[in-house]
Structures are given as C-alpha cells and as structure tokens.
Amino acid sequence: MALKIAARTNHVLLYVAPILEPLLIVSPYGGGSEGWAGSVHVPLPKTIIVLVVLHVARALYHGSVHRDGVLQRMLSLGLTGR
C-alpha cells in the first residue's frame, strides 16, 4: 500500500514539477533565487532529476525482479493495452 502511494506521488510530481519550474521563474512573487518562489525554484531541477532516477530504478526493478510486464508496457508506450 505504501509503495502504491509512493508510486502515485512520484507520477504526480513528475507531471507537476516540470510545469511548475518555468512558472516560478516568471512569477511576480520572486522568480530566480529571491522570494518564496525562488526558494522553491532553486532546488526543483535536482528534485526532478531524483524523481526521474527513482522512476527508472523502479521500472528496472519491475523488469528484472518482478517480471510482471510493467517495464514492457512502459517501453511500448502503452500501445499494447493492459
């Protein structure tokens, strides 16, 4: 159950973080490295990298340990259905 929550959170953040990144730069509340938006903007690229690494690591784990077809589904871009 906890892994499903972590996976869902990772997926949501993988969509939200890259969208949020450029919005924080042009934010009237302090883009760049100043203001509250800047305090979120500065560590966000590293956070995105960590999320991608976790996503890839878990996909490889599914492909090599579980062998449950998740990695194959991801590599085929979901074209084969579920």
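Of note:
- Filter result for Pro22 (not in a helix (DSSP H, G or I) and not hydrophobic (A, V, I, L, M, F, W, C)): no
- Residue match in the stretch 47-58 (condition: assigned to a loop (DSSP other than H, G, I, E, B) and either out of contact with any Leu (no Cβ under 7 Å at 6 or more places or on another chain) or modelled with pLDDT of 85 or more (or both)): no
- Given (1) at pLDDT 80 or above; (2) surrounded by 11 or more Cβ atoms within 10 Å (Cβ to Cβ); (3) hydrophobic (A, V, I, L, M, F, W, C), index of the condition Leu71 fails: (1)
- Here His41, His11, His62 are screened, and the one residue that is modelled with pLDDT of 85 or more, on the phi < 0 side of the Ramachandran plot and touching a helix residue (DSSP H, G or I) at 6+ places or on another chain (Cβ under 9 Å) is His11.
- Long-range neighbours under 9 Å by Cβ, at least six apart or interchain, first residue touching a residue at least 40 places away in the same chain (Cβ under 8 Å) and over 20 Å from Gly38 (Cα atoms) within the stretch 7-23, second basic (Lys, Arg) and surrounded by 11 or more Cβ atoms within 10 Å (Cβ to Cβ): Ala7/Arg58; Asn10/Arg58
- Some residue of the stretch 17-36 being surrounded by 11 or more Cβ atoms within 10 Å (Cβ to Cβ), modelled with pLDDT of 75 or more and within 9 Å of the chain's Cα centre (by Cα): yes
- Here is the figure for the stretch 47-63: residues that are without any contact (Cβ under 8 Å) to a residue 40 or more places away in the chain and either under 11 Å from the mean Cα position of the chain (by Cα) or more than 22 Å from Arg8 (Cβ to Cβ) (or both) total 7.
The values are calculated or read from the model by the stated rules, or taken from the named source; none is laboratory data. If you're wondering where the values come from, they're calculated on a predicted model, not measured in any experiment. In this analysis, Cβ positions are derived from the backbone assuming ideal geometry, glycine residues included, and neighbour counts consider all displayed protein chains.
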